[in-house]
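The values are calculated or read from the model by the stated rules, or taken from the named source; none is laboratory data. Not measured: the values here are computed from a predicted model. Please note: Cβ atoms are built from the backbone with ideal geometry, for glycine as well, and neighbour counts cover all protein chains shown.
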Amino acid sequence: MFQSSTAPNRKVAKGKVLDPDIDYSKVKSVHSISSWWGIGGIAMILLIGNLTSYSNSHLPDALRNSHLASFPNAFIAERAYKDLKILNDFGPKPTGSYANEVLAVDFLLREISYIEQLRNKNQNLQVDKQIVSGGYVGVYMNKSATSVYRNVQNVIVKLAGKNSDQALLLNCHFDSVATSPGASDDLSGCAVMLEILRVLSRQSEINQNSILFLFNGAEETPLQASHGFITKHRWAKEVKAFINLESAGSGGKEMLFQSGPRNPWLIEMYAKAIMYPFAQAAAEEVFQSGVIPSDTDFRVFRDAGGVPGMDFAYTANGYRYHTKYDSIDYIPMAVLQRTGDNILSLTRTMANSDKLGQQGQNREHTVYFDFLGLIFIFYSADTAFMINLSVVLLSIIIPFLSLARLGSTSGSHGRQIRSETMIGFVATFLGAGVGGVVCFLLAYQLDLLGSSMSWYSSTNLVLGVYCCPALLSHCIVHMLCGNVFGSKTTPLSLALKVQARLNGVNLFWGMITLGVTFTGYRTAYIFMILIFFSLLSSTLISMFAVQNSVHKWLFIHMFFQVFALLWSTQFYHMMLNLFIPITGRIGASINPDLIIGVMANFLTLLACSYMTPLLFLLKKVDKLVGELVAITLIAFVLASSTHVGFPYRDDTLRSPSVQRHYITHTLRTFHDYSGGVRKTDSGFLLQELDRNARKTIEGIAMPDNITPMREIPACETELFCAIPFYSIWHQVLFENYWIPGPQPLVHSSVRCLLRRKEQTSRHEHKLQLQLQGDHQSALVIGPRAGATLQGWDIVDELADPIEFNGQRGYFVLIATGSNPGPMNITLQLKHEIANYDGPLVDITVTTTFWEHQKHFTPVFNKLLTRVPSWAHVVPSVAAVNGYTF
Ligand SMILES: [Zn+2]
């Protein structure tokens with residue numbers, strides 16, 4: 001089918017004696033390398049991929065209470081697990097719930113008091129329960145929102161150090177989202193912290209610096225309790241650095257995914273202390289680019305507290321994140337042992353370091369990464385620049401000189417090597433592009449066939465559906481480039497030709513490395529390391545002068561490719577393990593197959609680019625091509641026509657990967673300008689969280705029809721369509737659907753009363769409002785045409801308005817820990833008409849009742865029974881009250 005470019009060269013090699021150093025009998029044998037070696041190469045990639053997958057998920061053995069005698073100062077996972085179990089069994093703990101505000105807080109205080117009783121007499125331990133109110137303006141996904149918290153709770157323990165004014169902060173949150181016990185997010189962080197406190201408080205030596213343990217009770221609301229601590233607590237000023245324990249998955253290895261800002265000493269501490277490293281500077285750049293729809297308290301400590309720190313999170317099994325499956329059933333004790341060993345050691349190191357008090361002096365960025373969890377490497381961004389530049393230049397120059405010096409002195413030999421290098425470069429470049437286009441078209445086609453996200457549960461389908469066609473494209477482009485650009489009369493032996501083309505691959509990654517380096521991204525190290533292994537092999541090939549002894553140079557090349565593959569396939573697992581579950585919660589507007597397809601093409605290139613030019617050594621390339629085509633076809637059939645390609649799984653096999661749904665039974669009451677009730681209606685709002693959700697939503701709604709939220713009749717008359725938004729980011733960006741239905745049971749909701757309305761100048765007016773009710777709620781304040789909001793007293797600054805339904809409104813989230821009484825709000829509005837006496841502003845107040853199952857109506861319960869077992873629903877009840885003042 002495709003002609004390998006080897007045929008004409010064989011004639012040339014036979015016809016002329018070109019170089020006395022070349023053993024042409026060996027060169028000839030090259031042509032007869034069986035095509036099975038091609039399959040062997042692919043098998044090798046898969047095998048190494050399995051090894052890195054194992055290393056990605058391998059955890060140390062957990063220590064039990066029985067180990068205490070032998071390891072008195074060690075982290076004992078069994079004790080942490082006991083705490084985790086108790087917190088887990090309280091069930092879901094949204095802020096404001098009894099489980100969060102009473103059960104969890106009481107447990108923490110009780111456990112801490114036991115720890116205090118058993119502490120070493122040298123240690124000084126202070127405990128404080130902070131009940132705090134406040135607020136801040138946050139911007140997420142380019143949407144601005146004001147976050148207000150009222151009486152949320154923090155439990156804080158101070159283990160005093162010799163320096164009483166310098167402290168390291170450890171932070172976790174014990175609240176969870178509705179329906180989820182939050183075992184991984186983030187009770188495991190709290191259980192680890194309790195055990196660290198237990199261990200450190202029992203040692204006789206006093207630490208140099210104090211350690212603050214912050215167990216915060218309002219993170220999911222979002223990021224409120226940590227804000228209350230860092231801006232208002234009396235110990236906050238002592239904090240010089242922090243360690244934040246979080247989760248975006250369920251179990252696995254905790255990853256250092258953010259550090260700083262800058263402050264390279266933090267990474268030095270990590271390198272010194274950590275027992276099982278798992279950290280990538282690239283992850284930090286990906287996270288801070290905002291493509292991951294999550295955030296952590298790291299942002300609050302950094303921005304509101306001005307404190308540097310490190311952010312750790314579990315990233316495996318993101319399917320279970322924020323679902324009922326984030327429970328202790330899926331957290332083995334070994335997870336706690338690994339995190340505990342690491343964080344205990346890091347805490348000890350930081351708490352006894354002089355550097356804690358000197359943070360912020362060195363403002364350099366650090367490049368850091370681990371290799372299979374075995375070694376951890378870090379250096380400054382300036383050093384990275386020199387390293388990247390040197391590795392790139394050497395990796396291109398050494399093989400070039402090594403190959404060119406073998407030729408005749410006429411100079412044409414060097415030119416041939418150069419032109420073959422360029423062919424290697426162009427083929428890699430075009431192969432990457434063509435592979436991308438092919439994956440793009442396949443992604444488009446699968447989506448069109450209704451087989452979107454076929455790899456969601458059967459993640460290995462990515463290999464067949466995208467990696468295989470990507471590799472096929474790379475191979476075909478290499479062959480075509482060889483045929484089109486390759487000289488038919490080249491005097492080069494095939495061995496030299498293939499090595500020159502491999503140097504073209506160096507040139508390709510070299511340009512990417514330098515491009516990424518010059519744009520200031522540290523992520524360039526990923527490509528630099530890949531080139532580094534190639535540099536090692538070409539240096540050895542040159543040193544031993546085995547350029548023409550095919551089996552020898554090939555052996556050296558493949559030996560270093562084993563390391564290159566160990567390096568590149570770890571990114572395959574890291575990226576896909578992270579992003580595949582995320583496609584289940586990014587809404588329906590983006591085709592997720594495009595994301596995974598393009599990613600698979602990139603990862604295939606990363607893993608296989610130094611193998612593809614070896615194709616020319618094979619006897620029959622057609623066979624390899626045929627096999628890749630066959631694998632692709634089989635994968636396509638599996639993806640589009642069998643259960644393997646069905647995206648979701650329930651928990652029968654104890655590995656749930658469910659489709660996510662939020663269904664809100666809603667009661668809406670609209671008031672007119674005079675305060676009377678103008679209209680009421682009710683129904684269900686269903687949120688579309690992934691590409692396939694609409695189909696499921698239609699099934700749940702049957703026999704009723706669903707209406708997209710932007711098309712419901714209320715959009716013509718009400719602010720923001722009177723949608724019960726409880727969070728602005730996802731709900732506004734995603735599509736939601738409305739089904740009219742009977743009213744839910746609502747015992748109480750937040751009401752907005754106009755206390756006073758006065759004109760303060762010709763154009764200015766002041767409104768005093770009072771919110772009554774104590775639940776999690778959200779306000780949308782929409783000034784009417786001609787009016788603008790000039791100021792308010794909700795928080796210190798006025799947020800930017802956001803747009804929805806062609807209207808502009810200010811979004812305010814209010815989370816309440818325990819009932820603090822009515823909330824008074826003053827708004828200053830300006831109207832373009834002097835002495836205007838009409839309505840100035842529309843206000844919508846949404847009260848959301850989470851964990852309200854006991855009060856669901858039979859109709860709502862019936863609707864929920866129609867949710868398939870492979871789907872996970874977060875049901876809630878909401879009351880929307882609309883006002884005009
Ligand atoms: Zn969390």
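Here are the numbers for the structure shown:
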{"item": "Selection count where residues are out of contact with any Leu (no Cβ under 7 Å at 6 or more places or on another chain) and either in a loop (DSSP other than H, G, I, E, B) or over 27 Å from residue 686 (Cα atoms) (or both), scope region 633-670", "result": "17"}
{"item": "Some residue of region 276-296 being touching a residue at least 60 places away in the same chain (Cβ under 8 Å), within 16 Å of the ligand (Cβ to nearest atom) and among the hydrophobic types (A, V, I, L, M, F, W, C)", "result": "yes"}
{"item": "Qualifying position, being at pLDDT 95 or above and not in a helix (DSSP H, G or I), among 367, 438", "result": "367"}
{"item": "Count of residues meeting criterion [in contact (Cβ under 8 Å) with a residue 60 or more places away in the chain, surrounded by fewer than 17 Cβ atoms within 10 Å (Cβ to Cβ) and either assigned to a loop (DSSP other than H, G, I, E, B) or not assigned by the TED database to the domain that holds residue 278 (or both)] in region 349-364", "result": "5"}
{"item": "Count - residues of region 836-870 that are in contact with a strand residue (DSSP E or B) (Cβ under 7 Å, 6 or more places away or on another chain) and under 14 Å from residue 786 (Cα atoms)", "result": "4"}
{"item": "Test: residue in region 196-213 that is crowded, with 23+ Cβ neighbours inside 10 Å, within 16 Å of the ligand (Cβ to nearest atom) and under 27 Å from the mean Cα position of the chain (by Cα)", "result": "no"}
{"item": "Residue count, region 158-174 (criterion: in contact with a Ser or Thr (Cβ under 8 Å, 6 or more places away or on another chain) and either of a type in the set (A, V, I, L, M) or within 15 Å of the ligand (Cβ to nearest atom) (or both))", "result": "7"}
{"item": "Strands (runs of 3 or more DSSP E) wholly inside region 757-810 containing at least 1 residues that are touching a helix residue (DSSP H, G or I) at 6+ places or on another chain (Cβ under 6 Å)", "result": "776-783, 802-804"}
{"item": "Unmet criterion (only one of (1) within 14 Å of the ligand (Cβ to nearest atom); (2) buried (at least 23 other Cβ atoms within 10 Å of the Cβ)) for residue 155", "result": "(1)"}
{"item": "Condition met for residue 262 (more than 15 Å from the ligand (Cβ to nearest atom), without any contact (Cβ under 8 Å) to a residue 24 or more places away in the chain and assigned to a loop (DSSP other than H, G, I, E, B))", "result": "no"}
{"item": "Residue count, region 275-306 (criterion: over 23 Å from residue 318 (Cβ atoms) and not basic (Lys, Arg))", "result": "6"}
{"item": "Single condition residue 601 does not satisfy, out of (1) within 26 Å of the chain's Cα centre (by Cα); (2) of a type in the set (S, T, N, Q); (3) within 18 Å of residue 870 (Cβ to Cβ)", "result": "(3)"}
{"item": "Flag for residue 724 being within 24 Å of residue 775 (Cβ to Cβ) and out of contact with any Phe, Trp or Tyr (no Cβ under 7 Å at 6 or more places or on another chain)", "result": "yes"}
{"item": "Number of the exception - residue 304 against (1) among the aliphatic types (A, V, I, L, M); (2) closer than 29 Å to residue 102 by Cβ; (3) buried (at least 24 other Cβ atoms within 10 Å of the Cβ)", "result": "(3)"}
{"item": "Residues within region 265-296 that are of a type in the set (Val, Ile, Thr) and part of a loop (DSSP other than H, G, I, E, B), tallied", "result": "4"}
{"item": "Residue match in region 462-479 (condition: free of Cβ contacts under 8 Å to residues at least 12 places away in the same chain, surrounded by fewer than 24 Cβ atoms within 10 Å (Cβ to Cβ) and outside the structural domain of residue 317 (by the TED database))", "result": "no"}
{"item": "Top-ranked residue of region 480-493 - restricted to ones that are assigned to a helix (DSSP H, G or I) and crowded, with 21+ Cβ neighbours inside 10 Å, ranked as modelled with the lowest pLDDT", "result": "482"}
{"item": "The lone exception for residue 299 - which of (1) within 16 Å of the ligand (Cβ to nearest atom); (2) within 17 Å of residue 577 (Cβ to Cβ); (3) part of a helix (DSSP H, G or I) it fails", "result": "(2)"}
{"item": "Members of region 175-195 that are of a type in the set (D, E, K, R) and either within 18 Å of the chain's Cα centre (by Cα) or more than 14 Å from the ligand (Cβ to nearest atom) (or both)", "result": "185, 186, 195"}
{"item": "Top-ranked residue in region 214-252 [being of a type in the set (Gly, Ala, Ser), touching a helix residue (DSSP H, G or I) at 6+ places or on another chain (Cβ under 6 Å) and in a loop (DSSP other than H, G, I, E, B); ranked as farthest from the ligand (Cβ to nearest atom)]", "result": "251"}
{"item": "Meets criteria (within 24 Å of residue 856 (Cβ to Cβ), in contact with a His (Cβ under 9 Å, 6 or more places away or on another chain) and charged (D, E, K, R)) for residue 668", "result": "no"}
{"item": "Residue match in region 133-146 (condition: among the charged types (D, E, K, R) and farther than 16 Å from residue 220 by Cα)", "result": "yes"}
{"item": "Residue, surrounded by the fewest Cβ atoms within 10 Å (Cβ to Cβ), within region 560-612, restricted to residues that are small (Gly, Ala, Ser) and under 19 Å from residue 53 (Cβ atoms)", "result": "607"}
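Residue-wise test of (1) exposed (fewer than 14 other Cβ atoms within 10 Å of the Cβ); (2) without any contact (Cβ under 8 Å) to a residue 60 or more places away in the chain; (3) in the same structural domain as residue 862 (by the TED database).
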site: 727; (1), (2), (3): no, no, yes
site: 731; (1), (2), (3): no, yes, yes
site: 737; (1), (2), (3): no, yes, yes
site: 745; (1), (2), (3): no, no, yes
site: 758; (1), (2), (3): yes, yes, yes
site: 769; (1), (2), (3): no, no, yes
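For (1) of a type outside the set (Ser, Thr, Tyr); (2) part of a helix (DSSP H, G or I); (3) under 30 Å from the mean Cα position of the chain (by Cα); (4) within 22 Å of residue 169 (Cα to Cα), each residue gets a yes or a no:
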residue	(1), (2), (3), (4)
108	yes, yes, yes, yes
111	yes, yes, no, yes
122	yes, no, no, yes
128	yes, no, no, yes
131	yes, no, no, yes
135	yes, no, yes, yes
146	no, no, yes, no
150	yes, no, yes, no
